[in-house]
Amino acid sequence: MSSLLRSAPSTDRRYELLRRFVEAARRAQIVTIVNRAQTEAELGELVAAELCEAFEAEIAFVVAGEDDGPAGVVGSYGLRPEDARRLLEHDLLDPALEAPQREEGLDLLSLGARALVCARFGSGALRGVVGVARLYDQSFDEAEAALLEAVATSIEHALERLRLGDERDRLYREADERGKAARVLGSIADGVLLVDEAGIIQLWNRAAETITGIPRDVVIGRPLEEAIPGWSAVRTSLVVASDPSSSGRATSVPVDIAGRELWLSISGVGFADGTVYAFHDLTDERRLEQLKADFIATVSHELRTPLAAVHGAAKTLQREDMVVGGETFRHLLNLISEQSERLAQMVNDILLASRLDSPQLEIATEQVDVRAVATEVIAAVRMQASEGVTIELVAPPSLPPAATDRDKLRQVLTNLVANAVKYSPAGGRIEVDLHADNGHIGIVVRDEGLGIATAEQSLIFEKFYRADANMTRGVSGSGLGLYIARALVHRMGGTISVESELGEGSTFVVALPVATESPRGGDTAATARPNRP
Ligand code: ADP
């Protein structure tokens, strides 16, 4: 038997104890509900329902608002949505009303309520009120008001927890999105430039650095005009769309960037805080287009000259007074033969250039006596060279064979020696120097001709590239010779390079693998590859 029963309290005291016990239990239950709620709506609905049950009331509601926003109904019980909205017309969040309010009347809060108890919560940014109302005449007592006040405090904490959680989730999502956006911007191939409304560069992605060669640190935070003057010069010709969906028009413009002219395709989109530009580099495509256009012009010209010569010669031969077998007759036949050979050579070059990348172009690996090939080539070129030009072969008495394709090597050498002659219009000495060196055969073709400007030395091996007509002083050509030579040398496992100075002559150097064994027959040989530059 417990001592409680032995000294049984009075009925009032027992009733008071029981009431407190029930209140504590209800409070504990409401606090549990409040703490478990995952969303504000869930919190509001569950608490309102629980309060109605605990207080034996028909209506309960939670209204809350932040300093900088309007109040809203977090949840309610016993109210139609329009009644719940009407609650907001009453100044329930009046900061002057701090203590729990108890009221009796006939139509409290215009809801037909006859008894009402409200407890306010929040003092900082978050403010709110929790209210319970009865539609019958039974006012709320002080204990109920106290219980409601305790519940209000729990609701305040729960709302703060949920709002902080939402805020944290939002910040996390934003950071995550920003991180993703930064990764995307960093990995796309297009350059992206963002200029704010004051004209200051705020973003310069990795592709922008690669395309322009200007590092991020140099441009970020600086006015566009100052950081990339070439860009601002073309700015007015760029089309800036007002929204991303209409940004279909990119403009191709030459932009002067850090002393280089880049052809960029630029599209821009304006937005409230500035303009974002996306761009990619068209310089190479542009140069190829230009080269093709030049090539068509050059080839038409180059083909027309020998064709006109052949045509003219044939017409003369048809004349009735032509003495068959005479001097003019022989001269014209020679001319036709030479010029048609030149035409055939040019057509062959064009065909070969288009097949160079294809695997169908077969490259043999034979043991080739480079000295013999060079002697043959020099003799052939000499026949066509003017008198002011001398061509000499400098080679040691014995030279190991190269592992290469004889015909292709002949073609490469012919091009180099013929170029040396062509680009020595004032005559001079041309030297073809052969040597064995470190596992490869070196072939050096040296002339004292026009020379090649430093800036052009890397370009002359490109398809169709011809140096400035003023510099080549009208020497004819298709711009395919060195392109073909380089491709063939590479396919033969070798390297080709040039050293030159304008006006001082040029030196072309080819290195081919030396054949390490001398098999008795067949055309394969073990080779040592030269080091590529
Ligand atoms: P082509 O001679 O038909 O123009 P190539 O591809 O053989 O074409 O040469 C490309 C360019 O390189 C030439 O237009 C010329 O400007 C330059 N070049 C080649 N060889 C020499 C050389 N030995 N001396 C000076 N310039 C040269």
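The values are calculated or read from the model by the stated rules, or taken from the named source; none is laboratory data. Since this is a predicted model, take the numbers as computed values, not measurements. Note that we place each Cβ from the backbone using ideal geometry, even for glycine, and neighbour counts take in every protein chain shown. Accessible surface areas use protein heavy atoms only, side chains included; no ligands, DNA or RNA. Shrake-Rupley method; radii C 1.70, N 1.55, O 1.52, S 1.80 Å.
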Full-extension gain in nm, Asp94 to Ala181, via 0.36 nm per residue minus C-alpha separation:
26.9 nm
About the Cα centre of the chain, what is the dipole size in debye to 20, counting +1 per Lys and Arg Cβ and -1 per Asp and Glu Cβ, all else neutral?
1840 debye
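Tell me the trypsin sites (Lys or Arg not before Pro) within the stretch 162-249 that lie in a loop according to DSSP and have at most 15 other beta-carbon atoms within 10 Å.
Arg249
Roughly how big is the stretch 141-222's charge dipole about its Cα centre, with Cβ charges of +1 (Lys, Arg) and -1 (Asp, Glu), in debye to the nearest 20?
That gives a dipole near 960 debye.
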Dipole axis of the stretch 379-442 (+1 Lys, Arg; -1 Asp, Glu on Cβ), positive-most option in Val421, Pro396, Gly442:
Val421
dims of the stretch 359-409, Cα set, principal axes, largest to smallest, nearest Å -> 41, 30, 11
Once a ≥ b ≥ c are taken as the square roots of the eigenvalues of the Cα gyration tensor of the stretch 319-394, is the result rounded (a/c under 1.5), prolate (a/b larger than b/c) or oblate (a/b not larger than b/c)?
oblate
Principal-axis tilt of helix 327-355 within the chain, Cα atoms, nearest 10 degrees:
20 degrees
How much length, in nm to one decimal, is gained on full extension between Glu341 and Thr390, taken as 0.36 nm per residue of separation minus their Cα-Cα distance?
15.3 nm
Using modelled amide H (1.01 Å from N, peptide plane; none on Pro or chain starts), what sits under 5 Å from the amide H of Phe271, excluding residues fewer than 5 places away?
Val276
So how far apart, in nm, are the two label points at Glu327 and Gln360 if each is 7 Å from Cα heading toward Cβ?
5.0 nm
Dipole of the stretch 220-327 (Lys/Arg Cβ +1, Asp/Glu Cβ -1, origin at the Cα centre): which of Ala250, Met322, Thr298 lies farthest to the positive side?
Met322
Determine the share of the chain's accessible area contributed by carbon and sulfur atoms, expressed in whole percent, with a 1.4 angstrom probe.
51 percent
If you roll a 1.4 Å probe over the heavy atoms of the protein chains, what accessible area per residue do you get for the chain, in Å²?
56 Å²
Around Phe271, with a cut-off of 15 angstrom between Cβ atoms, what is the net charge of the other residues, counting Lys and Arg +1 and Asp and Glu -1?
-4
Helix axis angle, 481-491 relative to the chain longest principal axis, alpha carbon, degrees:
70 degrees
Hey, any idea what the orientation-averaged projected area of the convex hull of the chain's Cα atoms comes to, in nm²?
52.2 nm²
Can you give me the angle between helix 283-318 and the longest principal axis of the chain, using Cα atoms only, in degrees from 0 to 90, rounded to the nearest 10?
20 degrees
Treating only the Cβ of Lys, Arg, Asp and Glu as charged (+1, +1, -1, -1), what charge dipole size does the stretch 107-264 show about its Cα centre? Round to the nearest 20 debye.
460 debye
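Quick check: from the Cα gyration tensor, does the stretch 288-418 come out rounded (a/c under 1.5), prolate or oblate?
oblate
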